[in-house]
Amino acid sequence: MEFFEVLRKRRSIRRFQDKPVPREIIEKLLEAAFLSPSSFNKRPWHFIVVDEGEKLLALSKAKLGAAGLATAPLAIVVTADESRSDVWVEDASIAAEHIQLAAFDLGLGTFWVQIRNRMHDESKTAEDYVRELLKIPENYRVLCIIGVGYPAEKKEPHGEEVFEWEKVSYNEFGRKFKS
């Protein structure tokens, strides 16, 4: 698929078919993540592939907005070692986006569940909840969870409404780039 077609057609999918994602496809998703750039090539990320039903159900309770993970056949938890890089958030985010774009190109649907800076409940962060569930070491931060699977819903591609040219300045803030 042509790159700009991927960008236009990829949408967040939160309902999935009851169909496992083959291991060779999972490996391709991880290859896409490994090919993402990172600051000074430090590559601080670590990915946790989850396909066990009970763990997916538990992950779906990590925070409000994670419920779609209960029907996903696969989740990829994106973490990073903050001691390796002070820009781990950016590096891990780029890797997560590579996973989502590759998944769409391979016929899968995905959605991003923000974990960093979110709450599980009034007394526990979503990050601590996921860390405990998956036995993640303290020096690793949990950025997000990507729910992955074969879509059970169809969404229309993005149209011209996403082009917000008023949010682009030319040479200085406020000077219109495009009329």
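Please treat every number below as a calculation from the coordinates, not as lab data. Everything numeric here is computed off the predicted structure, so don't read it as measured data. Heads up, the Cβs are rebuilt from the backbone with ideal geometry, glycines too, and the neighbour counts pull from every protein chain shown.
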query = Would it be correct to say that LYS155 is more than 13 Å from ALA58 (Cα to Cα) and free of Cβ contacts under 8 Å to residues at least 40 places away in the same chain?
reply = no
Filtered residues of the stretch 44-81 (kept if among the charged types (D, E, K, R) and either under 24 Å from GLU31 (Cβ atoms) or under 13 Å from the mean Cα position of the chain (by Cα) (or both)) = ASP51, GLU52, LYS55, ASP81
Filter result for LYS124 (free of Cβ contacts under 8 Å to residues at least 12 places away in the same chain and farther than 30 Å from VAL6 by Cα) = yes
message = With the condition being out of contact with any Leu (no Cβ under 7 Å at 6 or more places or on another chain), small (Gly, Ala, Ser) and surrounded by 15 or more Cβ atoms within 10 Å (Cβ to Cβ), I'd like the helices (runs of 4 or more DSSP H) fully within the stretch 1-112 carrying at least 1 qualifying residues.
response = 23-34, 88-105
Complete set of residues in the stretch 150-173 that are surrounded by 10 or more Cβ atoms within 10 Å (Cβ to Cβ) and closer than 14 Å to GLY109 by Cβ = TYR150, PRO151, ALA152, GLU153, LYS155, PRO157
message = Going by what's in this entry, would TYR140 be described as buried (at least 17 other Cβ atoms within 10 Å of the Cβ) and either over 28 Å from the mean Cα position of the chain (by Cα) or aromatic (Phe, Trp, Tyr) (or both)?
response = yes
